[in-house]
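Notes to accompany the following structure.
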Amino acid sequence: MDFPIFQVPYLGNGMSIALDAVLHVVISHGLAIGAVSMVVVSEYLGQRRASRDWECFARDFLQFIVFLTTSVGAVTGVGIWLITSALSPRGIGSLLRVFFWPWFIEWGVFTVEVVIVLIYYYTWQNWSGERKKQHLRLGLGYVAAAICSALLITGILGFMLTPDGWPWDKSLWSAFFNASYLPQLVLRLGIAYSLGTLFSVGYLVFTSRERNFRKEALAVFAKIALFSLAVTLLSAVWYFKVVPSAFKTHSLYAVMTSRFSQQPGLFWGITIGGAVFLLLFWLVALRRAIIFVRLLVVPAIIVAVLFVAQFERVREFIRGPYLMPGYLYANQVLLAETPLFAKEGMLPNSYWYNATVKRGDSVSQGAYLFAQNCSACHTIGGINNIVDRVQGRTADGLYVIVGHTQEMVPFMPPFSGTDQERRTMADFLFRLGDGTIKLGAPSRFLPLNGGPKHE
């Protein structure tokens with residue numbers, strides 16, 4: 001293979017990407033789009049109603065948003081590129097080749113967003129009178145730029161699940177304007193405004209505000225939130241209607257894992273319960289019950305963030321065994337390479353393995369084959385621990401399982417390598433399971449970076 005393999009201890013590669021991505025989505029959607037839109041609405045109401053309360057709330061809330069988006073939001077955004085480039089270089093490289101211009105334009109749009117929001121914030125006190133209308137237009141310009149970013153990124157995210165005709169025609173247009181593009185775009189905007197109104201209410205009730213203004217603002221945000229919640233629920237149904245049936249069957253397993261995947265009632269009970277809780281919360285806010293809103297807003301934010309995590313988890317998981325359907329498996333093996341590896345072997349065609357391993361014994365070979373084939377999802381001794389999966393099985397049994405992973409578990413990529421390499425990895429897994437080999441984080445990386453250093 002072309003790139004070295006990095007494995008994150010304990011968390012694993014997939015979870016490391018997911019944690020950073022979910023936090024970034026919450027900030028980029030909930031704050032950068034949803035909450036700033038509420039700031040613009042508040043500034044507009046302050047100007048229209050000549051209300052100092054709305055004006056002060058908008059200015060103070062914007063300061064909070066700018067601080068978080070330009071610090072945590074910026075770091076997590078760069079973090080996505082850093083983590084994916086290290087853990088999935090072939091995947092991110094392939095996506096860049098397909099979506100070079102949309103991503104290039106999005107980086108430019110993001111720069112414009114940063115410039116506008118900083119001007120919007122630092123000119124708040126100075127632009128008054130007639131210039132106040134220009135300031136409001138500046139806020140609307142920022143919102144338009146932020147939504148433009150969502151327009152560009154959603155095409156790439158949708159492609160990773162519904163690539164349309166791209167595997168055959170290699171056309172940017174068919175890749176970008178894929179089947180799930182429009183429903184996912186509407187869904188993400190619904191999520192953005194659902195989160196944005198929650199953050200707005202949280203800031204409203206936990207900062208010093210005049211009581212009558214709090215009641216007035218609660219009613220305004222609640223009306224926007226109820227509409228956003230309806231859009232989110234309807235677009236979620238629309239989105240999953242266009243997801244291919246072969247992928248849709250993985251949804252329950254994605255959320256409930258193997259432990260609870262046979263209990264769909266539990267999944268639907270929790271999901272519907274969470275949605276009902278958010279609905280009731282906004283109905284309480286609409287009634288302007290400040291005390292109850294203050295008690296419930298933090299749990300409501302947590303529930304909303306968990307829904308975001310659930311959506312992102314399902315979207316990423318169900319496309320398995322692919323990273324780019326019809327082109328690239330989740331373990332970064334090209335579909336077109338599978339026959340080559342089956343004939344000539346994975347190890348002879350892996351540059352970094354041959355460049356770094358000093359003495360290719362069976363443990364080093366098995367460790368590398370596991371890292372290349374399995375470490376996108378599995379760890380040794382961490383989350384989704386492969387040792388738990390193989391304990392109690394025989395070497396021959398593991399050999400058979402490794403050769404039929406995709407038939408047994410449709411969201412797992414097929415093994416890439418020769419029959420002998422399949423035997424080598426099966427023996428490695430067997431010895432991990434029975435304790436003959438003890439590789440734990442971080443020592444489990446050593447066989448890949450300088451020979452067999454194991455117990």
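Every number in this text was worked out from the coordinates using simple rules, so none of it is lab data. What you see is a predicted model; the values in this text were computed from it and never measured. Reconstructed Cβ throughout: ideal geometry from the backbone, glycine too, with neighbour counts over all protein chains shown.
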How big is the gap, in Å, between the Cα center of region 331-351 and the Cα center of region 99-167? 41
Longest principal axis of the chain (C-alpha) makes with the long axis of helix 251-260 (C-alpha) an angle, in degrees to the nearest 10, of 60
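Magnitude of the Cβ-charge dipole of the chain, K/R +1 and D/E -1, about the Cα centre, nearest 20 debye?
On the way: 37 positive and 26 negative charges, 278 e Å.
Magnitude of the dipole: close to 1340 debye.
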Amide H contacts of Leu328 (H built 1.01 Å from N, under 5 Å, at least 5 apart or other chain): Leu323, Leu335
Extension gain His404-Arg52, at 0.36 nm per residue separation less the Cα-Cα distance, in nm? 120.0 nm
On C-alpha positions alone, give me the angle between the axis of helix 362-374 and the longest principal axis of the chain, in degrees, nearest 10. 40
Report the net charge of residues surrounding Ile153, where surrounding means a beta-carbon distance below 11 angstrom and charges are Lys +1, Arg +1, Asp -1, Glu -1. 0
Under-5 Å amide H pairs with Ile437, H placed in peptide plane, nonlocal only: Leu432
Nearest 10 degrees, 0 to 90: what angle lies between the long axis of helix 13-25 and the longest principal axis of the chain (Cα atoms)? 10
